[in-house]
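To start, the structure under review is shown below, and the notes come after it.
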Amino acid sequence: MPSTVLSAATLGIDAYPVHVEVDTDRTLPTFTVVGLPDSTVRESKERVLAAIKNAGYQWPRRRVTVNLAPADRRKEGSAFDLPIALGVLVASKQIKPVRLGDFALLGELSLNGSVRPVHGMLSMAASLHQQGLYGMIVPTQNAREAATADGPLIYGVSTLNEAVEILEGDVRQRPYELNIEELFKSNTGHAVDFSEVCGQDHAKRALEVAAAGGHNLLMVGPPGSGKTMLARRLPTILPASTLSEALATTKIHSVAGALPAEQALVTTRPFRAPHHTISAAGLIGGGSYPRPGEVSLAHHGVLFLDELPEFRRHVVEALRQPLEDHAVTITRAQVALSYPARFTLVAAMNPCPCGYLSDQRRACTCSPAAIRRYRARISGPLLDRIDMHIEVPALAYNDLANKDGGENSAQIAQRVHATRQRQLDRFQGEPFCNAHMASRHLRNHCLLDAPGQSLLEKAMDRLGLSARAYDRILKVARTIADLAESADIRSSHLAEAIQYRSLDRDGGI
């Protein structure tokens, strides 16, 4: 008699229920999986067969057919091992599960019958919450993650035999209990702090403005000036994640297999710093079986691109869509997936190929043509999408010798949080900040007086700014005014915003 076991599969960062149907008949012994399985699912036969035997059961000497319904969606991953194994045991009448309909099952099987963790558990647990189930049986290592979905009761199992005991009604263990609020509040903080940065007050101010308004930032300076050190401290002054943001970020990391085994929830804003050799699929997402890229792993956090001109041009140009739409859409022949990608971009580069064009102590050896070619690796349209361009000069001895690094991250974060709160009040609770304002918001909230209009007009003429750069200046000026607790954008706020367009100046930095 056929058996049906409820499981789930991921589709993008979401999931959907999958019914694992197993049938046996008295014909030539074979094992077939249908329902658009990938190679990992097809290989489950060897894992399931060995696990069943090593758990003390018999592999049926019959034809075994497994159908993964709905059959028109591609199934991938090893999470179907456990439900297939239990489906085979039920169909061959080796066990009598009185509670099979109460549970959904997920997990990979090892050859000795133990259960291993799988990716995407949070998404699958959240999806199965809609099915009205009593509980879920998952790998012990995934139990904490699954419990964050606040759905069915979660039972963690380490072996196939433990799963059988639960389905047969012999529940010896209690469901996994997790206080999500306490887990979310158990933020371990950051290992770095702004007080560790010597000097660079101008750059620190720019990072504060970027954090307060969610603006993208490009730092230009010689090697060793502290660009990477500054970028790594940006998450320490960003507002703390909300629970909904933490859950959304955790889903992405779980699906991508980037969630550490001991971590059930990403409580701090992510900081992603891919190497410049990364591919377009690695940065944006994609592949034969689409996976989230670095832009999605940085969702609600910071994406740092060091040595920006060294990235392949087509790779960085692919950032245009996520920078504008805050999402990535990956289209394949059978499916189109969308991954969220609302992040703050921070990039760093040298002013020239040798790196010492702006260094007062070392002479630059680059020709003007070499400098132009180096900077031309970054297109104008991409620069337009970066709100702020700043110079980070080489540090003087006095700055390095001064042990007082200035304000710490907590002090700066207080001002950033207060500024973000003003934006939430202004936009009536919409979950975005000044950097994400649309044209209608600019018309309502970025009005300039006569001196401000005159100043911006001169800047447009002298710097040859594009319409997009014009909008970026207004957004940054609005943030600077918010930091100053000013309802109006004043000329001083606008002048500071214009100073943050260094690469638009004639001759560059």
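So which residues in the range 432-471 are assigned to a helix (DSSP H, G or I) and under 20 Å from Leu238 (Cβ atoms)? Steps first, answer last, please.
In the first step, residues of the range 432-471 are kept if they are assigned to a helix (DSSP H, G or I); the result is 434-436, 439-445, 450-463, 467-471.
Of everything in the range 432-471, those that are assigned to a helix (DSSP H, G or I) and under 20 Å from Leu238 (Cβ atoms) turn out to be Asn434, Ala435, His436.
Every residue, every condition in (1) modelled with pLDDT of 90 or more; (2) closer than 19 Å to Pro152 by Cα, yes or no:
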{"site": "Asn67", "(1), (2)": "yes, no"}
{"site": "Ser78", "(1), (2)": "yes, no"}
{"site": "Val90", "(1), (2)": "yes, no"}
{"site": "Gln94", "(1), (2)": "yes, no"}
{"site": "Gly101", "(1), (2)": "no, yes"}
{"site": "Glu108", "(1), (2)": "yes, no"}
{"site": "Val115", "(1), (2)": "yes, no"}
{"site": "Ser123", "(1), (2)": "yes, yes"}
{"site": "Ser127", "(1), (2)": "no, yes"}
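Can you pull out the strands (runs of 3 or more DSSP E) entirely within the range 310-392 that have at least 2 residues that are under 30 Å from Ile252 (Cβ atoms), in contact with a Ser or Thr (Cβ under 9 Å, 6 or more places away or on another chain) and of a type outside the set (D, E, K, R)?
Values: elements: 327-331, 336-340, 344-349, 388-391.
In the range 310-392, the matching strands (runs of 3 or more DSSP E) lie at 327-331, 336-340, 388-391.
Of the residues in the range 45-78, how many are outside any strand (DSSP E or B) and either in contact with a Cys (Cβ under 6 Å, 6 or more places away or on another chain) or closer than 21 Å to Ala256 by Cα (or both)?
Initially, the range 45-78 is screened for residues outside any strand (DSSP E or B), giving 45-62, 70-74, 76-78.
From what's left, either in contact with a Cys (Cβ under 6 Å, 6 or more places away or on another chain) or closer than 21 Å to Ala256 by Cα (or both): 73-74, 76-78.
The number of residues fulfilling the criteria is 5.
Here are some conditions: (1) touching a residue at least 40 places away in the same chain (Cβ under 8 Å); (2) open to solvent by less than 50 Å² (accessible area, probe 1.4 Å). Glu307 meets all but one. Which one does it not meet?
The single condition Glu307 does not satisfy is (2).
Do you know which of the residues in the range 372-382 that are open to solvent by 10 Å² or more (accessible area, probe 1.4 Å) and touching a residue at least 60 places away in the same chain (Cβ under 8 Å) is farthest from Leu395 (Cα to Cα)? Steps first, answer last, please.
Kept after step one, since they are open to solvent by 10 Å² or more (accessible area, probe 1.4 Å), are these residues of the range 372-382: 372-373, 375-378, 380-381.
Keeping just the survivors that are touching a residue at least 60 places away in the same chain (Cβ under 8 Å) gives 375, 377-378, 380-381.
Numbers: Arg375: 23, Arg377: 27, Ile378: 26, Gly380: 29, Pro381: 31 Å.
Filtering the range 372-382 for residues that are open to solvent by 10 Å² or more (accessible area, probe 1.4 Å) and touching a residue at least 60 places away in the same chain (Cβ under 8 Å), the one farthest from Leu395 (Cα to Cα) comes out as Pro381.
Any idea how many residues of the range 319-361 are open to solvent by less than 10 Å² (accessible area, probe 1.4 Å) and touching a Lys or Arg at 6+ places or on another chain (Cβ under 6 Å)?
1
Does Pro274 count as surrounded by 20 or more Cβ atoms within 10 Å (Cβ to Cβ), at pLDDT 95 or above, farther than 30 Å from Leu36 by Cα and touching a helix residue (DSSP H, G or I) at 6+ places or on another chain (Cβ under 9 Å)? Walk me through it before giving the result.
On the way: surrounded by 20 or more Cβ atoms within 10 Å (Cβ to Cβ): yes; at pLDDT 95 or above: yes; farther than 30 Å from Leu36 by Cα: yes; touching a helix residue (DSSP H, G or I) at 6+ places or on another chain (Cβ under 9 Å): yes.
Spelling it out, Pro274 is indeed surrounded by 20 or more Cβ atoms within 10 Å (Cβ to Cβ), at pLDDT 95 or above, farther than 30 Å from Leu36 by Cα and touching a helix residue (DSSP H, G or I) at 6+ places or on another chain (Cβ under 9 Å).
Six or more apart or on different chains, Cβ atoms under 8 Å: show the pairs whose first residue is in the range 418-430 and assigned to a loop (DSSP other than H, G, I, E, B) and whose second is modelled with pLDDT of 85 or more.
Close Cβ pairs (under 8 Å, with a partner that is modelled with pLDDT of 85 or more) amount to Phe427/His441; Glu430/Leu424.
The values are calculated or read from the model by the stated rules, or taken from the named source; none is laboratory data. These figures come from a predicted structure and were not determined experimentally. Note that we place each Cβ from the backbone using ideal geometry, even for glycine, and neighbour counts take in every protein chain shown. SASA here: full protein model, heavy atoms, side chains in, ligands and nucleic acids out. Shrake-Rupley method; radii C 1.70, N 1.55, O 1.52, S 1.80 Å.
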